[in-house]
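Okay, so here's the structure we're looking at.
Laboratory data are not the source of any read-out in this text; all were calculated from the coordinates shown. Predicted, not measured: the structure shown is a model, and the values here were computed from it. Backbone-built Cβ (ideal geometry, glycine too); neighbour counts: all protein chains shown.
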Amino acid sequence: MYKTRDNEPDYAFIPDVPTPETNRYGKEIRLVADASPLAGKSLNINGDASVGCNPNRYKQHGFYFNADNCIACHACEAACAEKNETPAHLAFRSVGYLEGGSYPAVQRLNISMACNHCDNPVCLKGCPTRAYTKFAEYGAVLQDPDICFGCGYCTWVCPYNAPQLDPVAGHVSKCNMCVDRLEVGLKPACASACLGGALDFGIIETAPEGREQLETRIPGFPDPSITQPNIRFQQQRSLPRELTRTDTTPVKYLRDDQNAKPDPGVKSGPTQYHSASAVRLDAPAHWNLLKLRSREDPLVIFTLITQAVVGAFLVLLLGSQLGSQFGLTELSASAHPIAYPVALFGLIAIQTFALVISTLHLGRPHRFYRAFNNLKHSPVSREVAAVAVFYNLLGAYAVLTGVPQLFGWVPQGLISFATQASGGLAVVAGPVALYFMHRIYRIPARPFWNHWQVLTSFYGSMLSLGPLAVALIFVPVLAVQGIEYAGLLQGLALPMLTGLLLEGFGLYRHAAFLRAGGGEAQAAYHEQVSTFGKTYRLRNGALVSSVLLLTAVTFMPSGAPALALWGLIGLCVLGAAVIGRALFYVLVIPTTMPGAFFWKNPGFQSHARDVGLARMPQVGVQVTTH
């Protein structure tokens, strides 16, 4: 148990006060009854099997932040870092701020933020390894770094920067509510260390001494409906109409005087703010090709290859069965008994490479098998499982088709049934796997991704890249044998054209969604047309060129001009796919809490890596992005 000092001040203890039965989200504050089998169990903190003496052990606790009192002394950060022995590049609690007004009447709003131990913890549901648990004790959402394998998905879905991915250790860790201190009745270290009386802690919905407001919103705080966080705010000082983030995230907050209403039952509520883009509409466009690189580069490769493999398999299997109707008669094992199985095994090889790349993307690749642990809730687990099913069905079909000699001792009827079953199921499993892949990115905390365009992009890549891969395999084979391949290329042009049109329509609607979305969504759009404006136009131009060239090639006979035209089509389609997918990962602006001038500032972190400051551990910037 945590050792309480003999002279521990009174303000460091959690007050035992009357509590309501439910919180504002309708959830019970008492998480389990005292007679419940879950009650009376030890948290085994530091191997100690004893049970704490806190009388409110099974009630939901939370933080209280009074923005009027915060002086940005960072004592809460220091106390948290000392208590948890975090390295300089991690912080379970951090202080950011917004600024507004003009000189000499400049005002600053400070915000101290850590994990909010939410009623609906999206980190818990998103984690594929089930490293998160919401405990009945204090309602704490705790994470076990030993279970985590470092995929970082929880850092995507959390709107508050709470989970911290450590690229050095290869896992995520976060605020643990200082449950060892709670067990003996003490507040967390951060709340106990606050000098200005801004940060407090207690049973949720009970106002600490000197507080009047229990708000769930404050300027700069993401939409609480995403996770139902257990934090309450007070902010009564008059603030400027516009508040701007001091980090480089291009978002500002505008006062909503017309629609602002205090929460029911609250004496007085702070003026509500809504987020808006702070980027100039007329900002010039740039290339910034080097900035297309990100930690998610392995996912660029993995997603594109997986979508191409699924599309290629659909073309091979359905083309061999429906070839006479679509001019794909050459895509069958009977027509090409060597090229067909070679193509299948080639797809398996490249998909194996993609799976290896995605595994090495993890902080702890040797624990990849834990990705299946949360099929009930995690879209990552579902995607991994669906891709694994497709991969194994593809392998079974390839072996049964390509090397039937291995099964000469098995009745032919059974082999035929197994071949058809594995192929048919793989045809279904592939698109299903891509659907689950798209669900990973439907994240409210990342508005740029949270649109159905992700699905049209993934299916569009399947339809365009898959036939392109088949053409790269079969056209050389047909050319060497002197067989006419114009009909095959024209047959493959139809699904490619469909995929490009599908993706183009999704991108068009996505741009309209971002422009109208405001806040992080609109800021991401402006980044798209300014910071990466020329690159974005290059991708769009490649898409349009691919559509026009595919339309033209359907009327062109075979020969050197047609083959050259197809080579140009392949370059345009592949270039558009790679550039588009890279933009997909770098343009995301999450609905995170504001940072400071240096700490938690993406601009400073990029500068520190460019000039070498990141090599100094005390700067607190991660040298590597993986």
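Shape of region 423-570 from the C-alpha gyration tensor: oblate (a/c of 1.5 or more and a/b not above b/c, with a ≥ b ≥ c the square roots of its eigenvalues). Using only the Cα atoms of region 150-241, build the gyration tensor, take square roots of its eigenvalues as a ≥ b ≥ c, and label the shape rounded, prolate or oblate: rounded if a/c is under 1.5, else prolate if a/b is larger than b/c, else oblate. Cα axes put region 150-241 in the oblate bin. Each 10 Å bin from zero up to the one holding the largest Cα-Cα distance in region 1-240 carries the following percent of pairs: 7, 31, 38, 19, 4, 0, 0.
Relative to the first principal axis of the alpha-carbon coordinates of the chain, what is the inclination of helix 453-481, with its axis defined by its Cα atoms, in degrees from 0 to 90 and to the nearest 10? Taking the Cα atoms of the chain, the angle to 453-481 is about 30 degrees. Only one of (1) 225; (2) 192; (3) 155 was calculated from the structure for volume of the Cα convex hull per residue in Å³, and its label is (2). The modelled label-to-label distance for the pair ARG5/SER102, using points 7 Å beyond Cα in the direction of Cβ, is 4.8 nm. Assign unit charges at the C-beta atoms only (+1 for Lys and Arg, -1 for Asp and Glu), then state the dipole size of the chain relative to its Cα centre in Debye, rounded to the nearest 20. Rounded to the nearest 20 debye, it is 600 debye. Karplus-derived 3J(HN,Hα) values for region 370-383, using 6.51 cos²θ - 1.76 cosθ + 1.60 with θ = phi - 60°, are 6, 5, 8, 6, 10, 5, 5, 10, 7, x, 5, 4, 5, 5 Hz; glycine and proline are entered as x. Legend: ranking of residues MET113, MET616, MET593 from fewest to most surrounding C-beta atoms inside 10 Å; resulting order MET616, MET593, MET113. Got a sec? Charge dipole of region 1-158, +1 on Cβ for Lys and Arg, -1 for Asp and Glu; which of PRO121, LEU109, ALA140 is way out at the positive end? Going by the Cα projections, it comes out as PRO121.
With the charge dipole of the chain set up from +1 on Lys and Arg Cβ and -1 on Asp and Glu Cβ about the Cα centre, the Cα lying farthest toward the positive end among the listed residues LEU574, GLY220, CYS151 is that of LEU574.
To the nearest ten degrees, helix 486-517 and the longest principal axis of the Cα atoms of the chain are 20 degrees apart. DSSP finds beta bridges in the chain, and of those with both partners inside it, around 90 percent are antiparallel.
P(r) for region 289-586, from all Cα pairs and a bin width of 5 Å, is 1, 5, 11, 15, 17, 16, 13, 10, 6, 3, 1, 1, 0, 0 %, short bins first. Here the extension length gained between VAL611 and ASP146 equals 164.0 nm, from 0.36 nm per residue of separation less the Cα-Cα distance.
In the chain, a dipole from Cβ-located charges (positive for Lys and Arg, negative for Asp and Glu) runs towards its positive end, and of LEU550, LEU182, GLY518 it is LEU550 whose Cα lies farthest in that direction. Ranked by how many other Cβ atoms sit within 10 Å of their own Cβ, fewest first, the residues SER294, SER334 fall in the order SER334, SER294.
Quick one: if the Förster radius is 45 Å, what FRET efficiency do LYS27 and ALA285 give, using the C-beta to C-beta distance and rounding to 0.05? For LYS27 and ALA285, the calculated efficiency is 0.40.
Extension gain for GLU484-SER334 works out to 52.3 nm (0.36 nm per residue, less the C-alpha to C-alpha distance). Each residue, TRP409 and VAL578, gets one label point 7 Å from its Cα in the Cβ direction; the gap between the two is 4.8 nm. Taken along the Cα-to-beta-carbon direction at a fixed 7 Å, the label points for ALA49 and ASP16 span 2.7 nm.
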